[in-house]
Amino acid sequence: MQLNLLIKQRNGLVMRVLWISYLLMTIFYLLIDPQITTVWPPVGFVICILCTILVKVDKYEEWIMYTIITAVIGYLSYLNWQYPYLVNYIFLLFGIIIASLYQSYKAILYSGVLTLISLVFFYLFNFEQIFSSIIKLDVIYFILFAVLLMIFFFYHVKFTRILWLKAQENEKMTKEQLSKTEEKLIQSEKLSMTGQLAAGIAHEIRNPLTVLSGFVQLLDKDEKNREIMLSEIERINLIVSELLILAKPKEINFHQVHLEETLNEVYVLFKSQFHQQEIQVNLCYSEDNFYILGNKNQLKQVFINIFKNAIEAIESEGFIDVSVKEVDRKIIATIFNNGPKIDDAILNDIGQPFITSKEKGTGLGLMISNKIVSDHGGELHIYNGERIGVTIEIALPVSLKIN
């Protein structure tokens, strides 16, 4: 469909060139010889009119292209045959030049073949009338020149297509970069608004929460109710703490961080919990030592959030696969758990505030993790497994590699 539209546009361009050429040619001959025969101008006019009507048709674009090329070379051959004193045989090359406007190998080849047939025909059957001013050897050279002209336009089309493809590729990359930039700006604006909201919420909740927590601890009549209340208060306090991270972003101090060492430290933190819930953890690291420029505490927070989510998703008797590898100067940390898949309806929105698959989740943990990874120049992606499980992939730029 796109190719047909392009050919249709080129058909229109060629017709504009032909109309201008025909009018200039007519005016030129009328000025130099007012007594000139009036037979050939109507022929050219009729051909231009018929081709213009064909161009208006919304189908058969390629056949119309061949028809226009045939009409041009046929008209020039007709002028050379009937009125050799009006035009020169060199005009036959105009058909190849016109065909080159299509930027098509087939169009150039077709016009070249028709031109060569015309030249050979005139050379064999009408030499004295058409080529009266030159010797036969010169005609051979002229035919060779027509072939070289055709070859030149072949390479011209090839070079133009390469430039066109590169331009399309650059345009596509620019659009993708603009799209990513827009997404980052939107995400940044969301974070800013969430931070402002978080600051207000945290301020209004934390003070009365502290008072409530103190009084609840003094209650000793009903131990079960007291534990429930303390648990819920602790949950509210956790939400407030996460909100404060968004509300008060701290200046990040970057230094060389060994990612596998950081992952091991987080693994140790959860080791007893893994054992209690019978969760098997498989660690697969590269033989090389990779370092990234970052903040170790913040990166630990990212992996703590991911392990915590994995444990809650699996509940018991499952496994977590952790792998680290290098791809294109980026260190890729992949963490897979065999828990239930995330609902497809919210998968693309995971990482947004209060978007979560957990009944009592807030969605702020992954949102903060995503922000930390982004601040480190990396990307965080979440994928569902084919049947079960969830994969979280973190890509961070490598700053140092030690074999």
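The values are calculated or read from the model by the stated rules, or taken from the named source; none is laboratory data. The structure presented is a predicted model; accordingly, all values stated were derived computationally and were not measured. As a convention, Cβ positions derive from the backbone with ideal geometry for all residues, glycine included, and neighbour counts pool all protein chains shown.
Condition first: loosely packed, with under 15 Cβ neighbours inside 10 Å and modelled with pLDDT under 80. Can you find one or more residues in the stretch 90-106 that meet it? Yes: the stretch 90-106 contains one or more residues that are loosely packed, with under 15 Cβ neighbours inside 10 Å and modelled with pLDDT under 80. Annotation note: Cβ proximity below 9 Å between a residue of the stretch 246-271 that is at pLDDT below 75 and a residue that is outside any helix (DSSP H, G or I) and of a type outside the set (Lys, Arg) (sequence gap 6+ or interchain) occurs for LEU246/PRO353; ILE252/GLY294; ILE252/ASN295; ILE252/HIS376. Of all residues in the stretch 278-294, those that are in a loop (DSSP other than H, G, I, E, B) and at pLDDT below 85 total 4.
Going by the structure shown, is ILE279 in contact with a strand residue (DSSP E or B) (Cβ under 8 Å, 6 or more places away or on another chain), closer than 21 Å to LEU366 by Cα and surrounded by 15 or more Cβ atoms within 10 Å (Cβ to Cβ)? No; evaluated as a whole, the condition is false for this residue. Condition (residue is part of a strand (DSSP E or B), assigned by TED's automatic domain parsing to the domain that holds SER374, within 15 Å of HIS376 (Cα to Cα) and not charged (D, E, K, R)) applied to the stretch 312-321: is it met by at least one residue? Within the stretch 312-321 (the criterion being part of a strand (DSSP E or B), assigned by TED's automatic domain parsing to the domain that holds SER374, within 15 Å of HIS376 (Cα to Cα) and not charged (D, E, K, R)), the answer is no, since none of the residues qualifies.
Would you be able to tell me the number of residues in the stretch 296-305 that are touching a residue at least 24 places away in the same chain (Cβ under 8 Å) and over 32 Å from the mean Cα position of the chain (by Cα)? Here the count works out to 4.
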